[in-house]
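The values are calculated or read from the model by the stated rules, or taken from the named source; none is laboratory data. Being a predicted model, the structure only gives us computed values, none of them experimental. In this analysis, Cβ positions are derived from the backbone assuming ideal geometry, glycine residues included, and neighbour counts consider all displayed protein chains.
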Amino acid sequence: MQYRLNYRPYSRRFRQPLLTSHGLWSDRQGILLQLTDAEGQVGLGEIAPIEWFGSESLSQALAFCQQLPEQITIDTIFSIPDSLPACQFGFESAWESLDDSSLAKSNPTLTYSSLLPTGKAALSAWEPLWSQGSRTFKWKIGVAPVVEELQVFTQLVHALPSTAKLRLDANAGLNWQQACTWLEVADSVGVEFLEQPLPVSQFDQMLKLSDRFQTPIALDESVATLAQMQQCYQQGWRGIFVVKAAIAGSPGRLRQFCRTYEPDVVWSSVFETAIARRFIETKLIADLPPPSRAIGFGTEHWFTEDWQASFENVSFQK
Ligand code: MG
């Protein structure tokens with residue numbers, strides 16, 4: 001079977017640049033894919049790389065698309081190298097979506113975590129999100145000095161209703177001592193988990209932290225790709241895996257990993273459009289046991305335009 005390939009780069013501006021310990025991020029850029037089979041069935045996919053998170057760069061992904069012929073085969077899709085994980089996801093998800101009948105509009109078993117802005121802005125940002133139904137919030141730490149952040153954190157914990165769940169994400173921005181300080185405080189007030197306290201190279205120390213404190217530790221940067229997930233699992237990680245499916249690689253092999261090892265997973269966004277998001281929620285996750293944790297896809301409020309329905313309005317005309 002041959003598939004006609006069309007693709008189109010996109011760029012979406014964040015309402016305000018996203019501040020992480022990796023720096024400022026102002027535009028989300030990626031590539032939308034369209035596969036058409038001989039019967040005229042269409043499958044959409046999305047390549048949404050984050051180079052600083054361990055995937056290929058946008059230009060590498062674009063170069064890969066550009067060297068492909070107009071007609072590709074199943075072999076083309078399943079021979080994309082592991083060095084292009086976001087391309088693996090984009091092409092394989094487009095191919096799986098050709099049978100559109102199993103793609104639902106939404107997955108009713110999911111609950112969402114909303115990302116709060118970094119720093120003091122979180123103190124006023126949670127309330128409208130709470131009114132819209134959010135019950136789990138994520139707040140980034142490791143950006144300002146610990147003392148300052150702990151002050152805001154204490155205010156935030158007191159402001160949030162007691163039924164709210166709060167997750168902290170350090171984006172590998174803490175050292176051992178800072179991580180211990182945060183975990184002592186987290187243990188005393190109750191935090192759902194602390195995400196990636198230490199750099200990827202300090203895997204053994206993160207194992208130690210998860211033994212030493214009650215607050216669970218989630219790996220994120222350490223498990224950006226499926227190969228890294230497998231490696232951490234083999235090295236004894238039984239804590240939480242934050243899975244950014246759009247950059248993890250082959251969705252088929254990711255599903256297999258989840259079925260085999262049943263890891264404690266937090267499905268998470270890479271600020272992809274509704275195309276990748278719908279595939280992840282209604283096809284990838286829906287094929288697995290319902291997730292026990294809120295998924296990190298509460299990100300639409302971070303963009304200026306509403307792309308909620310974008311997968312129905314994409315034009316691939318050149
Ligand atoms: Mg994270």
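Being more than 22 Å from the chain's Cα centre (by Cα) and closer than 14 Å to LEU116 by Cβ is not true of GLU184. Restricting attention to the range 205-230, the residues that are closer than 30 Å to GLN88 by Cα, in a helix (DSSP H, G or I) and within 16 Å of the ligand (Cβ to nearest atom) add up to 6. Looking only at residues of the range 8-32 that are over 15 Å from GLY45 (Cα atoms), aliphatic (A, V, I, L, M) and touching a residue at least 12 places away in the same chain (Cβ under 8 Å), we find that the one that is surrounded by the fewest Cβ atoms within 10 Å (Cβ to Cβ) is LEU19. The listed residues are ARG4, ARG8, ARG12, and the only one of them that is under 15 Å from VAL270 (Cα atoms) and in contact with a strand residue (DSSP E or B) (Cβ under 7 Å, 6 or more places away or on another chain) turns out to be ARG12. Would a scan of the range 173-184 turn up a residue that is buried (at least 17 other Cβ atoms within 10 Å of the Cβ), at pLDDT 95 or above and away from the ligand (no atom under 16 Å from the Cβ)? Within the range 173-184, one or more residues are buried (at least 17 other Cβ atoms within 10 Å of the Cβ), at pLDDT 95 or above and away from the ligand (no atom under 16 Å from the Cβ).
Only one of the listed residues (LEU58, LEU44, LEU84, LEU5) is closer than 18 Å to ALA274 by Cβ and in contact (Cβ under 8 Å) with a residue 24 or more places away in the chain. That residue is LEU44. State whether the residues of the range 203-214 include one that is touching a helix residue (DSSP H, G or I) at 6+ places or on another chain (Cβ under 8 Å), in the same structural domain as GLY142 (by TED's automatic domain parsing), more than 21 Å from LYS140 (Cβ to Cβ) and not polar (S, T, N, Q). Checking the range 203-214: at least one residue is touching a helix residue (DSSP H, G or I) at 6+ places or on another chain (Cβ under 8 Å), in the same structural domain as GLY142 (by TED's automatic domain parsing), more than 21 Å from LYS140 (Cβ to Cβ) and not polar (S, T, N, Q). Checked against the criterion of being among the polar types (S, T, N, Q) and within 13 Å of the chain's Cα centre (by Cα), the candidates THR260, THR282, THR273 yield just one match: THR273. Filtered by the rule that a residue be touching a residue at least 60 places away in the same chain (Cβ under 8 Å) and on the phi > 0 side of the Ramachandran plot, the range 120-154 gives a lone residue, GLY142. Taken as a whole, the range 1-19 holds no residue that is assigned to a loop (DSSP other than H, G, I, E, B) and either in contact with a Gly (Cβ under 6 Å, 6 or more places away or on another chain) or among the acidic types (Asp, Glu) (or both).
Can you find, within the range 190-199, the residue that is farthest from the ligand (Cβ to nearest atom) among those that are within 19 Å of the chain's Cα centre (by Cα) and under 30 Å from PRO161 (Cβ atoms)? Selected residue: GLU192.
Please find, within the range 259-277, the residue that is farthest from LEU19 (Cα to Cα) out of those that are away from the ligand (no atom under 16 Å from the Cβ) and crowded, with 24+ Cβ neighbours inside 10 Å. Once the filter is applied, the top-ranked residue is ILE275.
Working carefully through the options GLN235, GLN256, GLN202, find the one that is within 16 Å of the ligand (Cβ to nearest atom), more than 26 Å from GLN151 (Cα to Cα) and surrounded by fewer than 21 Cβ atoms within 10 Å (Cβ to Cβ).
GLN202
Cβ-Cβ contacts under 8 Å between residues 6 or more apart (or on different chains), taken from a first residue in the range 253-271 that is under 22 Å from ILE50 (Cα atoms) to a second residue that is of a type in the set (A, V, I, L, M) and surrounded by fewer than 16 Cβ atoms within 10 Å (Cβ to Cβ), are listed as ARG255/LEU288.
Residue count for the range 127-152, restricted to those that are crowded, with 17+ Cβ neighbours inside 10 Å and in contact with a helix residue (DSSP H, G or I) (Cβ under 7 Å, 6 or more places away or on another chain): 5.
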